[in-house]
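Below is one structure; the comments refer to it alone.
The values are calculated or read from the model by the stated rules, or taken from the named source; none is laboratory data. Being a predicted model, the structure only gives us computed values, none of them experimental. Cβ atoms come from the backbone with ideal geometry, glycine included; neighbour counts cover every protein chain shown.
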Amino acid sequence: MDVPLMKRLVDTATKRAPADLVLKDAQILDVFSGKIERGDIAIKEGYIAGIGLDFPARETIPLKGAYVTPGFIDGHLHLESSLVSPREFCKAVLPHGTTALVCDPHEIANVLGLEGVLYFLRITQDLPVDVFFTAPSCVPSSPLETSGAILGPEEIRTLLDHPRVVGLGEVMNFPGVIRGDPEVLSKIALALEKGKRVDGHAPGLRGDELSAYVAPGISSDHECVHLKEAEEKLKRGMYIQIREGSTAKNMSALLPLVRAFGVSRFMLVTDDRHPQDLLEEGHMDFLLKKAVYMGIAPNLAVRMATFNPAFYFNLKRRGAAAPGYIADLVVLKDLKDFSPIYVIKGGRVVAKNGALLEEVDSTLPEACPSSFHTRLPPRPFSIPAKGRSARVIRVIPNQIVTEAETSPVTIEDGEVRADPSRDILKIAVVERHHGTGNVGVGLVSGFELKEGALASSVAHDSHNVVVVGTSDEEMLAAVKAIEEMKGGLVVVKGGKVVASLALPLAGLMSLEPLEVVARKVRILHQSAKALGTTLENPFMALSFLALPVIPQLKITDLGVVDVEKFQIVDLFVE
């Protein structure tokens with residue numbers, strides 16, 4: 001803000017010059033005191049100039065006692081989980097009152113590295129939602145898989161120099177921090193040297209190990225599941241990001257802490273938001289509604305979704321309805337339902353009653369770099385029988401952790417076969433970044449498929465192709481379909497594709513509108529259920545079976561992983 005603009009704001013606040021826009025007769029939620037103030041809001045050149053009465057204005061909107069809050073800010077999410085492009089995501093959430101996002105792009109970083117994050121930065125500039133990023137700290141997430149790229153300290157330094165990169169992304173490698181790994185600590189040091197935040201990711205960490213994790217300067221955590229865990233992290237100086245996303249839902253467990261300790265070190269975040277939930281429930285407006293329904297005072301809920309993330313990430317002049325702040329505002333009928341009447345971004349009314357008033361171009365200004373380089377060896381899913389019992393990954397419904405089981409295998413002609421009658425299927429991960437020909441093959445139970453196969457190029461965190469099926473032939477047809485689409489989700493029956501969603505944007509996101517993506521995902525789930533699965537979201541379950549940092553047994557392109565031992569193990573047991 002330069003001096004001439006300051007002067008114009010002062011003149012507007014003192015009524016020596018007219019405001020561009022006045023919101024007349026509003027009930028304004030003050031995030032600092034928590035009180036409601038009735039009055040008018042004078043807006044000049046995208047900023048709030050003053051709050052009071054009888055401002056001269058070029059345009060006036062009578063609100064007749066409607067409530068005004070700051071624009072909503074999601075302080076931690078992965079855009080890629082929505083399955084739509086970042087521009088389409090912004091188009092979807094803006095009418096729900098979201099005016100700023102803080103995104104961790106470690107999904108696309110694992111596929112395309114620095115180039116992928118810079119691509120995200122380019123395609124999200126000049127949008128009516130302010131899109132900020134954190135620099136992904138753990139790419140790859142482990143040495144037990146083949147990722148598309150590596151982000152070392154020099155790449156992190158490059159990203160941290162960008163004005164819209166506001167911190168270091170979730171430090172998932174908490175064992176590395178606790179061991180004092182020099183490379184991990186150097187990334188943290190780079191962020192702190194530049195005055196930027198360091199986000200945490202430390203599920204279940206307590207005691208001396210928690211102190212060791214916090215000591216270098218990690219200052220937040222969104223992985224708290226239990227009340228006592230979150231309370232201990234709060235006492236150790238961490239900000240608690242209360243997550244209520246499509247996959248993980250922690251609000252009911254953690255909200256009592258807000259009532260007990262006050263609101264100042266808490267944020268509401270989504271972490272991920274799937275297309276159906278965006279369409280049917282909304283975004284941050286849904287989290288606010290749910291928090292209030294669970295007994296949190298509206299002023300506290302709003303602060304957790306506005307000022308607190310803005311303060312934490314140093315998003316200057318955002319997060320409050322006060323003089324000198326950017327005029328990102330939401331007008332609401334009440335503080336229970338949180339459905340926006342108007343959304344105002346930078347002083348302009350951009351949405352009314354859930355509909356955009358200005359077209360947001362979701363067309364990408366440039367193509368995404370190529371991210372598919374698969375090479376399948378002959379008979380990629382064959383398992384020569386080297387024993388009569390093998391390790392089996394047991395899927396737990398609605399959880400990303402798994403159980404490790406041992407089971408007798410079905411053998412024909414010297415090879416292990418899938419056995420749908422016992423709910424033991426084959427699972428494989430095909431490396432897709434470098435054309436190595438790596439294929440890790442194992443066994444899984446819990447999908448209950450009676451026929452066919454499911455495959456996905458969304459496979460956390462390295463996002464190779466993961467496939468589960470009742471026969472090698474069905475699995476091969478599914479992987480071939482993914483290759484042809486250059487990424488996507490697919491259901492195969494009888495060797496033919498019966499449902500699919502192409503994800504050509506890094507193999508993670510569609511180029512189609514949200515409504516189309518949501519419809520195709522619904523058809524995918526219906527088609528998977530027709531094959532026999534009882535899992536509510538089989539593709540979500542499939543995507544996390546390749547994540548070798550979440551216990552107990554997982555699989556990557558390098559083989560079966562015992563996460564607790566943190567090593568590749570033989571499929572067969574003595």
Test: residue in the range 290-311 that is at positive phi, of a type in the set (D, E, K, R) and in contact (Cβ under 8 Å) with a residue 60 or more places away in the chain: no
Single residue of Val458, Val467, Val429 found to be part of a loop (DSSP other than H, G, I, E, B), modelled with pLDDT of 95 or more and under 22 Å from Ile108 (Cβ atoms): Val458
Helices (runs of 4 or more DSSP H) fully within the range 267-368 counting 1 or more residues that are polar (S, T, N, Q) and closer than 26 Å to Leu9 by Cα: 307-312
Boolean, Leu185 is in a helix (DSSP H, G or I), in contact with a Pro (Cβ under 7 Å, 6 or more places away or on another chain) and closer than 26 Å to Leu160 by Cα: yes
Unique match (being more than 30 Å from Tyr325 (Cβ to Cβ) and either more than 18 Å from the chain's Cα centre (by Cα) or not assigned by TED's automatic domain parsing to the domain that holds Ala502 (or both)) among Pro143, Pro105, Pro95, Pro86: Pro143
One residue from Ile218, Ile150 being within 21 Å of Met267 (Cα to Cα) and part of a loop (DSSP other than H, G, I, E, B): Ile218
Residue list for the range 7-54, restricted to those being over 37 Å from the mean Cα position of the chain (by Cα) and either polar (S, T, N, Q) or assigned by TED's automatic domain parsing to the domain that holds Asp334 (or both): Thr12, Thr14
Condition met for Leu112 (assigned to a helix (DSSP H, G or I), closer than 20 Å to Gly195 by Cβ and either out of contact with any Leu (no Cβ under 6 Å at 6 or more places or on another chain) or assigned by TED's automatic domain parsing to the domain that holds Lys196 (or both)): no
Residue match in the range 76-89 (condition: within 22 Å of Val165 (Cβ to Cβ), out of contact with any strand residue (DSSP E or B) (no Cβ under 7 Å at 6 or more places or on another chain) and among the hydrophobic types (A, V, I, L, M, F, W, C)): yes
Residue within the range 81-93 that is β-branched (Val, Ile, Thr), within 30 Å of His222 (Cβ to Cβ), part of a loop (DSSP other than H, G, I, E, B) and in contact with a Pro (Cβ under 8 Å, 6 or more places away or on another chain) present: no
Residue in the range 537-545 that is within 19 Å of the chain's Cα centre (by Cα), buried (at least 21 other Cβ atoms within 10 Å of the Cβ) and within 25 Å of Arg87 (Cα to Cα) present: yes
Any chance Tyr119 is out of contact with any His (no Cβ under 6 Å at 6 or more places or on another chain) and over 30 Å from Leu503 (Cβ atoms): no
